[in-house]
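Data block below; observations after.
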Amino acid sequence: MTIPAGLEAQRSLGEEWADWLDRLPRLRAELLEEWGLAPDGEPMHGFCSLVLPVVDADGVAAALKLALPDDESEHEALALQHWQGDGTVRLLRADPHRRAMLLERLHPRDLSDLWDVAACEVVAGFYPRLHRPAPPQLRPLTSYVSRWLDDLEGLGRELPVPPRMVEQALHLGRALVSDAASTGVMIHGDLHYANVLAADREPWLVIDPKPMSGDPHYEPAPLLHNRWEEVQGDVRASLRRRFHTVVDAAGLDEARARDWTVVRMVVDASWAVQDARRAGRALDADERDHVTRCVAIVKAVQE
Ligand SMILES: Nc1ncnc2c1ncn2[C@@H]1O[C@H](COP(=O)(O)OP(=O)(O)O)[C@@H](O)[C@H]1O
Ligand SMILES: [Mg+2]
């Protein structure tokens, strides 16, 4: 089996990735065999997973997802099990130890095809269905954020973000970490346009949770990164329109959603620097663009 080039490129991110990529062909073969599946199309992938269209022994279409074994993927199957297909893809079978899941097959089309405001409304419409009391196994959002803020602080001037913005993110982030309202609700964690696929049971269903025990106000930030080409004309107005559409449709507290967005975007920018550092090089063009976007988002939701 050849691993898709886009996934193979993650090898530069470190040993953990290289080990996983080396094990993938064998893992794929084992699971196809054990679960009685046959390949049924070209492999797909995301940032940290391989997804194979398959058919089971009865000829039913499904998707076999093999994910990088990290903290964030640990409870993906657990969350899908809790949601039981209510607004999300159905989990048909799972081996959490090997990070393998057999999922209901959905369509290739994602929310990127929809008009911007409509797409934001669809996403916000999922919040009440997804945001349930968190099962006890899920890690608290605050445990992640606390670690990310420490890493952010450690980067100092290496991060090409205005120092005052970094200060602000650290300050807001620490306050949110010590606030009891920042945990207790099961959140998706990575709910953006590419993680909502067209389906038959409902027009759209959610995939790819990075579940945590968190705060619904943490949820909107990834939407603001989507379809950047489209926000070019007037970045500020476009991003604010998205932000307000989600906040209004989901009935969120605007100030709290803004604070989480600031924290999340500065932390997200810091990851690009950490990835480059791990690979032993300067920021590449994509990473520089990514940081610029994060800064633009922070400015847009505040000014
Ligand atoms: N159940 C599914 N049915 C069809 N395609 C899927 C399904 N799950 C994932 N995919 C495809 O695989 C890609 C990567 O899957 P995703 O779960 O988003 O992983 P990642 O965490 O790597 O982003 C998706 O963008 C989508 O194109
Ligand atoms: Mg995804």
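The values are calculated or read from the model by the stated rules, or taken from the named source; none is laboratory data. In this text, all values refer to a predicted model and were calculated from it rather than measured experimentally. So basically every Cβ, Gly included, is an ideal-geometry build from the backbone, and we count neighbours across all protein chains shown. Please note that ligands, DNA and RNA were not included when accessible areas were found on the heavy atoms of the full protein model with its side chains. Shrake-Rupley method; radii C 1.70, N 1.55, O 1.52, S 1.80 Å.
At a glance:
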quantity	calculated
For the stretch 51-126, size of Cβ-based charge dipole, Lys and Arg +1, Asp and Glu -1, in debye	300 debye
Prolate/oblate/rounded label for the stretch 5-104 (Cα gyration tensor, a/c 1.5)	oblate
Label-point gap, in nm, between D289 and H244 - each point 7 angstrom along Cα→Cβ	2.9 nm
Whole-Hz ³J(HN,Hα) from phi, Karplus 6.51 cos²θ - 1.76 cosθ + 1.60, for the stretch 80-93, glycine and proline x	4, 5, 5, 6, 6, x, 7, x, 10, 4, 7, 8, 9, 6
Folded to 0 to 90 degrees: helix 141-155 orientation relative to the chain principal axis, Cα	60 degrees
Cα-based shape type of the stretch 156-303, given that a ≥ b ≥ c are square roots of the gyration tensor eigenvalues and the cut on a/c is 1.5	rounded
Leading residue at positive end of dipole, the stretch 111-302 (Cβ point charges), from A249, L239, P162	P162
Amide H contacts of R90 (H built 1.01 Å from N, under 5 Å, at least 5 apart or other chain)	E104
Solution diffusion estimate, µm²/s, Stokes-Einstein, the chain, Kirkwood Rh from C-alpha pairs, 10 °C, viscosity 1.306 mPa s	79 µm²/s
Protection-proxy order for peptides 112-120, 140-148, 256-264, each taking the mean of Cβ atoms within 10 Å per residue, highest first	256-264, 140-148, 112-120
Extreme residue, positive dipole direction of the stretch 111-302, given options V177, A282, L114 (C-beta unit charges)	V177
Relative contact order [Cα under 8 Å, 6+ residues apart], the stretch 5-104, whole percent	19 percent
Mean shadow area of the stretch 193-261 over all directions, Cα convex hull, nm²	5.6 nm²
Mean separation of Cα contacts under 8 Å (6+ apart) over length of the chain, as relative contact order %	16 percent
Surface share of carbon and sulfur [accessible, 1.4 angstrom probe, percent] for the stretch 1-140	52 percent
FRET efficiency for D86 and A118, using Cβ-Cβ distance with R0 set to 25 Å, rounded to 0.05	0.70
The chain: angle of helix 285-302 to the longest principal axis, Cα-based, in degrees nearest 10	60 degrees
Spin-label model distance (nm) - Q302 vs D40, 7 Å beyond Cα toward Cβ	5.0 nm
Estimated vicinal HN-Hα couplings, Hz - the stretch 226-241 in sequence order (Karplus 6.51, -1.76, 1.60; Gly, Pro = x)	5, 6, 4, 3, 6, 8, 4, x, 9, 3, 4, 5, 5, 5, 5, 5
Translational diffusion of the stretch 130-227, µm² s⁻¹ [Kirkwood Rh, Cα pairs; Stokes-Einstein; 4 °C; 1.567 mPa s]	86 µm²/s
Within-14-Å neighbourhood charge of S73 [Cβ basis; K, R +1; D, E -1]	-4
The stretch 35-65 and the stretch 131-154: distance between their alpha carbon centers, rounded to Å	31 Å
